[in-house]
Amino acid sequence: MRVLIVEDEVIIAIDIQDTLESAGHTVIGIALTINDALAFIQAGCPDLALININLREGRGAGINLARDLLEQYRVPSLFVSGQCSEARQNRDAALGYLAKPWRTRALLDSVEVARRLINGQDPAPLPPELELFGWRQPQQSGWTG
């Protein structure tokens with residue numbers, strides 16, 4: 001998958017990039033800010049964005065970005081954050097929520113779950129660290145976004 005990482009903690013972002021690229025995914029960029037993310041989107045839409053909820057622009061900035069990416073570019077997101085309650089309160093903005101800290105395998109499995117959802121497939125099995133939002137049963141055909 002082509003993935004955009006939106007994370008303002010550089011070490012975490014590089015770790016995510018290394019993990020995804022080692023598994024064969026393409027990281028189209030690491031965005032430290034909303035403006036960085038939008039520049040990467042303009043250069044070429046990813047299949048998925050991994051977005052931290054709290055960015056340099058302030059508390060909850062990643063939520064607004066996830067909403068904008070979905071509404072304007074049809075790019076789905078997974079929240080990758082320690083902000084569980086904010087993620088749940090904004091479940092309409094993302095496919096789901098991967099809680100920090102996560103295991104490497106959980107990150108990779110969560111990206112795979114997102115790929116299956118995007119393709120209208122049954123997302124199971126789910127890693128325990130991943131909470132899905134807006135997902136219907138497989139017979140109802142995929143993510144409701």
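The values are calculated or read from the model by the stated rules, or taken from the named source; none is laboratory data. What you are looking at is a predicted structure, and each value in this text was computed from that prediction instead of being measured. All Cβ positions, even for glycine, are placed from backbone atoms using ideal geometry, and neighbour counts span all protein chains on display.
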Out of the residues in region 60-106 that are under 24 Å from A39 (Cβ atoms) and β-branched (V, I, T), state the one that is nearest to the chain's Cα centre (by Cα). V80
For I30, indicate whether it is modelled with pLDDT of 95 or more, of a type outside the set (G, A, S), more than 12 Å from V111 (Cα to Cα) and under 15 Å from the mean Cα position of the chain (by Cα). yes
Only one of L48, L20 is farther than 20 Å from V10 by Cβ, in contact (Cβ under 8 Å) with a residue 60 or more places away in the chain, buried (at least 19 other Cβ atoms within 10 Å of the Cβ) and of a type outside the set (F, W, Y), namely L48
Complete set of residues in region 1-53 that are in contact with a helix residue (DSSP H, G or I) (Cβ under 8 Å, 6 or more places away or on another chain), within 14 Å of L69 (Cα to Cα) and not hydrophobic (A, V, I, L, M, F, W, C): P46, D47, N52
Exactly one of D18, D8, D36 is farther than 15 Å from D92 by Cα and either in a loop (DSSP other than H, G, I, E, B) or of a type in the set (F, W, Y) (or both), and that one is D8
Against the condition crowded, with 16+ Cβ neighbours inside 10 Å and within 13 Å of the chain's Cα centre (by Cα), how does P123 come out, does it pass? no
Filtering region 82-107 down to residues that are buried (at least 17 other Cβ atoms within 10 Å of the Cβ) and either aromatic (F, W, Y) or over 20 Å from L55 (Cα atoms) (or both) yields Y97, W102, A106
Scan (1) modelled with pLDDT of 95 or more; (2) out of contact with any Ser or Thr (no Cβ under 6 Å at 6 or more places or on another chain); (3) of a type in the set (S, T, N, Q) for the single condition T19 breaks and write down its number. (2)
Does region 2-10 include one or more residues that are closer than 15 Å to L108 by Cα, in contact with a His (Cβ under 6 Å, 6 or more places away or on another chain) and either of a type outside the set (G, A, S) or surrounded by fewer than 17 Cβ atoms within 10 Å (Cβ to Cβ) (or both)? yes
In this structure, does L130 turn out to be at pLDDT 90 or above and either more than 12 Å from V3 (Cα to Cα) or among the hydrophobic types (A, V, I, L, M, F, W, C) (or both)? yes
Any residue that is in a loop (DSSP other than H, G, I, E, B), touching a Lys or Arg at 6+ places or on another chain (Cβ under 6 Å), on the phi < 0 side of the Ramachandran plot and at pLDDT below 95 - is there at least one of those in region 82-90? yes
